[in-house]
Every structure is written in C-alpha cells, then in structure tokens.
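Participant: Submitted below is the structure of interest, expressed as structure tokens.
Coordinate-derived values only; no laboratory data. No experiment lies behind these values; they were computed from the predicted model shown. Positions of Cβ are generated from backbone atoms using ideal geometry, with glycine treated the same way; all protein chains shown enter the neighbour counts.
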C-alpha cells in the first residue's frame, strides 16, 4: 500500500525496556481469574500484550469489576507475571483475596 510504513511494533517492544506495562491504556481489560490468569479473545492483541509483559519490569492491569474472574479463549499471562491490579472496587473486598495470595497488589 503506497505511503504505508510498517510500524515494527514487535521489534520496538522487544528492544525497549519499559518500567511498567499498563494493559488498560490500550482499551484492553483484564479477563482473568486465578485458575486461568490474564486472557483475551483477540490473537493480535494477545501478542502485543505478551511482548509488553516480557519487556516490562512491572505489569499493571487496569480493569473493571465485571472483568474480574472471567475468562476468554486465549491466555496472555499467568497471574504471577502480573504485579498490580487497578480497579474501581474496594481492594479489601473478598474477591481479591486469591489475587493477593498470588502476590498481586490491588489498588
């Protein structure tokens, strides 16, 4: 396609070390539970998320209550690869106990 430049996203993501990978900033929310980890239903998005996680020192997941303890068909990461979950819910709610036990900080 004339004027179209290939972004090189995968190579850029693999060579740049980011302090945080933030999942919600791209409009993709957590689809995770303790058994299945972080999941999504779009193969291309999953590949970008995996690259972001691999090149980040910490991973923050931005999510809404409706997405906690749900599962999609493609696995992105195990919960032990995620460091922080940011949600509108109160972090002391019992739904977050298994996540905290896996080492996640809930904000």
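Participant: 7 Å from Cα along Cα→Cβ at both residue 36 and residue 94: what's the point-to-point distance in nm?
Facilitator: 2.3 nm
Participant: Starting from the Cα of residue 84, step 7 Å along the direction of its Cβ; do the same at residue 45; then give the gap between the two resulting points in nm.
Facilitator: In this crude spin-label approximation the distance works out to 2.2 nm.
Participant: Mind giving me the FRET efficiency for residue 107 and residue 73? R0 is 30 Å, r the Cβ-Cβ distance, nearest 0.05 is fine.
Facilitator: 0.60
Participant: What is the order of 39, 70, fewest Cβ neighbours within 10 Å to most?
Facilitator: Fewest to most other Cβ atoms nearby, the residues stand as 70, 39.
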